[in-house]
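In what follows, a structure is listed as structure tokens, so that the remarks can point back to it.
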Amino acid sequence: MRTALFKIAAITLPLVLLVAAEGIVRIFEYESFLIPVPGNSEYQTVNPAYAGRYFRGFLPQSAYNPFLRQKPDAVFRIIALGGSSTAGYPYPFNYGFPERVAARLRSIYPTRQVEVINLGMTALSSHVVRDFMPHVLRMQPDAVLIYTGHNEYYGAYGAGGVNRSRVLTRTLFWFKRSVLFRKLERLIAPPTRSNRTMMAQSTTDVSIALGGSVYWTGVESFETNLEAILGRFEKAGIPTYVGTLVSNLRNQPPLGVDSVANSAWISGKEHWAAGDTAAAMASFVQAKEHDPVRFRAPDAMNQILLRLSERHDAVLVDLAQHFGPDVRDSLFTDHLHPTALGYDRMARAFISVMAENLTDIAPDLGAPEPAPLDAGYARLLIARLRLGFPFTPGLSEAEELRRFGQILQAHRESGRSADSLAALAIAAQLPIYEALLKAQEHDMAAQDTAHALAHMRSLLHWQPFNARLHREAAELASHQSSNLAGEVLQLIVARERSETNLNTLAALRLRQGALEPAGSLLRSIEASYPESAVMLFNMARYLVQTGDTLNAEVYFRRYQGVANRDP
């Protein structure tokens, strides 16, 4: 009996000690997925350090999307999952398709509070997206948007990396939940910092032949992970929208060396020049499929998306159809990341299956013109990307940095304030929100109110609780009738639903002729502020425009009574 107890103790004691040590270390170093927003205890946001457990020497940026800890029923919460195209690369996150979806929903349903939590990050594969699932479910989303599949070979734990076993990856992720394990991992294999692009850092097995073993490992891993992801959302009863994968076909030659891919690419260019668009696109697709450097997802991924969305009651959003043969540089910044116009087109596709009544969209928001600083920021990121593998192979890290330094210097000396500030933000010499603030101040001094408002729109995403910024942006937007002004006011209302802000937005919608949103806003204001003089006056205007002149007269008399009582 004593021998048995001794053996049990010998086995359990180390485990108990490990558990105790883990508990003690977690008190001081535990990395929570969500962290509180400083100064706003009712809000929380995604911990930007959390994704570090999936990378060595690299930390992908995450969107700053504060959301309420306790979710009211009135809030419509969207969570977006995917890689850099979900994150909005090369632009700051507020230009990505998730934010554009939220902006359009706010324009359709102006009185409903919409939250977006963008979990898209550079180089996230479906392995990592699947590992996020417990956190996503705890955040109680009303809808989930998924755009993933391009990183299955060179992304975090992709098939082109060292570890290709799905079982080993899932086991490793389980151990990574331990603080002690992550500390031991960093001790044994300390992360090495690199100034190369993430595309260059993440590539181990450069050439992946179509139909080869590594190719099928990537396909099978994607299917297994997506099956688990969609199954969890289906079980939880969460509406899920899955986008098919698009990439630059017409203006992106094969990234690797392959005779079939190169021949198909040349054939595609010839067909296009001859005006045979259908044959050209078929050749471009063939060139992409045979491209051995697989930064663009093969069509096998879209077949999986189609099959599994049907099996798990998810809504397939056919982005490829919305892009169609119009796959050109105006829609892509590089091999697969959309331009602002492309991201807006993605958002339109998602909205087309999400919105209950598309006839309510008025005015059409259109694609956002990036603020000058954001446009410069994107150009610099793309310039850095194209200096590295696979776009410019053979350069040393030092030479890449030297050439990019020259580009940064040219932007600093361009004489354009926005480009100079973008260069400082890229070089981490100035936080991007400070750069945006300086750009906005420069625009105001130059009386360039349109660009000032565009920079303010971006700044509102980085500083959503800045009351002074809200007041200044609302004042500037109140004198304009553009879609940009409407977006700015809608953002402000989303954070501060005051009588003044609501009335300012309603007045702008009336000026734009957007009667449905204007009417919804005015009825909401009346429910909370029935004696609001501005609301009564605007309600009279609204009723006149809708042809209800009798009720318009009633509201105008009410307005006169309030105005005379409170001059």
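The values are calculated or read from the model by the stated rules, or taken from the named source; none is laboratory data. Bear in mind that the values here come from a model prediction, so they are computed numbers and not experimental data. Note: ideal-geometry Cβ built from the backbone for every residue, glycine included; neighbour counts use all protein chains shown. Protein only, heavy atoms only, side chains kept; ligands, DNA and RNA dropped before computing areas. Shrake-Rupley method; radii C 1.70, N 1.55, O 1.52, S 1.80 Å.
Descriptive notes on the structure:
- Going through (1) 20; (2) 31; (3) 27, the figure that equals percent of Cα pairs over 42 Å apart as computed for the structure here is (3).
- In the range 249-326, Cα pairs under 8 Å separated by at least six residues give a relative contact order of 29 percent.
- Note on Glu31/Thr171: beta-carbon distance plugged into 1/(1 + (r/R0)^6) with R0 of 22 Å gives a FRET efficiency of 0.65.
- From the alpha carbon centroid of the range 211-249 to that of the range 106-161 is 12 Å.
- Rounded to the nearest 10 degrees, the inclination of helix 340-354 to the longest alpha-carbon principal axis of the chain is 80 degrees.
- Stretch gain in nm, segment Leu401-Ala282, where the contour uses 0.36 nm per residue and the Cα spacing is subtracted: 39.0 nm
- Rounded if a/c under 1.5, otherwise prolate or oblate - the range 244-327, Cα gyration tensor axes: oblate
- Computed over the chain: relative contact order in percent, which uses C-alpha pairs under 8 Å that are six or more apart: 12 percent
- Value of Rg to Rh for the range 361-453, rounded to two decimals, is 1.08; Kirkwood radius and Rg both from alpha-carbon coordinates.
- Using R0 = 35 Å, the C-beta based FRET efficiency linking Ser330 and Arg138 works out to 0.30.
- Computed FRET value (nearest 0.05) for Val257 with Asp299, which takes r as the C-beta separation and R₀ as 25 Å: 0.75
- Amide H contacts under 5 Å for Leu316, placed H, 5+ residues apart: Val242
- The chain: calculated mean residue ellipticity at 222 nm from DSSP helix runs of at least 4, using -39500 (n - 2.57): -17500 deg cm²/dmol
- The range 265-299 residues near the modelled Val206 label - backbone nitrogen below 17 Å, point 7 Å along Cα→Cβ: 291-296
- Nonlocal amide H pairs with Glu115, under 5 Å, H built at 1.01 Å: Phe76, Arg77, Ile78
- Cβ-based net charge around Leu436, under 14 Å, with every Lys or Arg adding one and every Asp or Glu removing one: -4
- Tilt relative to the chain, helix 213-236 - C-alpha long axis, 0 to 90 degrees, to 10: 40 degrees
- Using a probe of 1.4 Å on the protein chains alone, the accessible area found for His479 is around 140 Å².
- The range 263-357: GluC sites (Glu not before Pro) falling in loop per DSSP and having at most 16 other Cβ within 10 Å: Glu356
- Restricting the GluC sites (Glu not before Pro) of the range 446-530 to loop positions (DSSP other than H, G, I, E, B) with no more than 16 neighbouring Cβ atoms within 10 Å leaves Glu496.
- Inter-centroid distance (Cα atoms) of the range 377-453 relative to the range 497-520, Å: 37 Å
- Note on Thr449 and Phe391: their simple-model spin labels are 3.8 nm apart, each label 7 Å out from Cα toward Cβ.
- Each DSSP beta bridge with both residues in the chain is either parallel or antiparallel, and the antiparallel ones are about 30%.
- Contact order normalised by residue count of the range 366-461, Cα under 8 Å, 6+ apart, percent: 30 percent
- Folded to 0 to 90 degrees: helix 483-495 orientation relative to the chain principal axis, Cα: 80 degrees
- Overall form of the range 518-563: oblate. Here a/c, set by the Cα gyration tensor axes a ≥ b ≥ c, is 1.5 or more, and a/b is not larger than b/c.
- Cα gyration tensor category, rounded, prolate or oblate, for the range 68-132 with a/c compared to 1.5: oblate
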